[in-house]
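Some notes on the structure that comes next.
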Amino acid sequence: MGFDFSNFENAVSPQRQNSGVFARFYDKAVRTGNIKANGLPEFETKLYIEIKIKDERDVFDQPASVEHIERFSGEYNRYLKEKKEAGKGTPLNQFAFLSEEQIECCKFRGIFSVEVLAALEDKKAEELDLTEEKKLANAFLEVSKNNRHILNFTKKEKMYLEQIETLKKELESLRANDNEAC
């Protein structure tokens, strides 16, 4: 499974690092101002941007505009890539074996799912300083395979129990018919 690291390379370019401005795009549920029939407020998902300036405490959190998307195109591309990958595997934030720091490190490098992390070539994982994270992801996927077997076994067991109940009812019906015939 090949992986495109161009977004990562753009994000860590000297020009971006020296600017001292860091941005993160994300989806936020916001009230529309409308009330549903049941009396609860209505929400919609909006694209937001969080902007931080190096050595400043303030965080600017606001709806994203076209100007933001153009100014922070690398960060916006990373946001789009994360959304795209979200449906293709297990999101890193649902991977309990990684710390928040490790998850952010992976995301910064353009990796958003456990499956992509596990599929990294060893050399690339070493270059990106993700060797330990890759080992954890592979271990997680191995355990998940075993969970799939347990789930399949549980489904078969349920089917067999239903068949047994059906056969018991048929047997009772046959016995009742046999007793009536005697």
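All conditions but one from (1) at pLDDT below 85; (2) at positive phi apply to Gly33; the one that does not is (1). Within segment 102-123, which residues are within 21 Å of Gly74 (Cα to Cα) and in a helix (DSSP H, G or I)? Within segment 102-123, Gln102, Ile103, Glu104, Cys105, Cys106, Lys107, Phe108, Val116, Leu117 meet the criteria.
Tell me, yes or no, whether segment 37-47 has at least one residue that is free of Cβ contacts under 8 Å to residues at least 40 places away in the same chain, among the hydroxyl-bearing types (Ser, Thr, Tyr) and either closer than 24 Å to Gly110 by Cβ or loosely packed, with under 12 Cβ neighbours inside 10 Å (or both). Yes: segment 37-47 contains one or more residues that are free of Cβ contacts under 8 Å to residues at least 40 places away in the same chain, among the hydroxyl-bearing types (Ser, Thr, Tyr) and either closer than 24 Å to Gly110 by Cβ or loosely packed, with under 12 Cβ neighbours inside 10 Å (or both).
Just one of the listed residues (Ser73, Ser65) is more than 24 Å from Leu128 (Cα to Cα) and modelled with pLDDT of 80 or more, namely Ser65. Identify the residue in segment 99-119 that is crowded, with 21+ Cβ neighbours inside 10 Å and aliphatic (A, V, I, L, M) and, among all such residues, is farthest from the chain's Cα centre (by Cα). Among residues in segment 99-119 that are crowded, with 21+ Cβ neighbours inside 10 Å and aliphatic (A, V, I, L, M), the one farthest from the chain's Cα centre (by Cα) is Ala118. Of note, Phe60 does not satisfy the criterion of being surrounded by 10 or more Cβ atoms within 10 Å (Cβ to Cβ) and either touching a residue at least 12 places away in the same chain (Cβ under 8 Å) or farther than 30 Å from Lys46 by Cβ (or both).
Do we have Ile49 as within 30 Å of Leu117 (Cβ to Cβ), among the β-branched types (Val, Ile, Thr), in contact with a helix residue (DSSP H, G or I) (Cβ under 7 Å, 6 or more places away or on another chain) and not in a strand (DSSP E or B) here? So Ile49 does not fit the description; no.
The values are calculated or read from the model by the stated rules, or taken from the named source; none is laboratory data. Bear in mind that the values here come from a model prediction, so they are computed numbers and not experimental data. Note: ideal-geometry Cβ built from the backbone for every residue, glycine included; neighbour counts use all protein chains shown.
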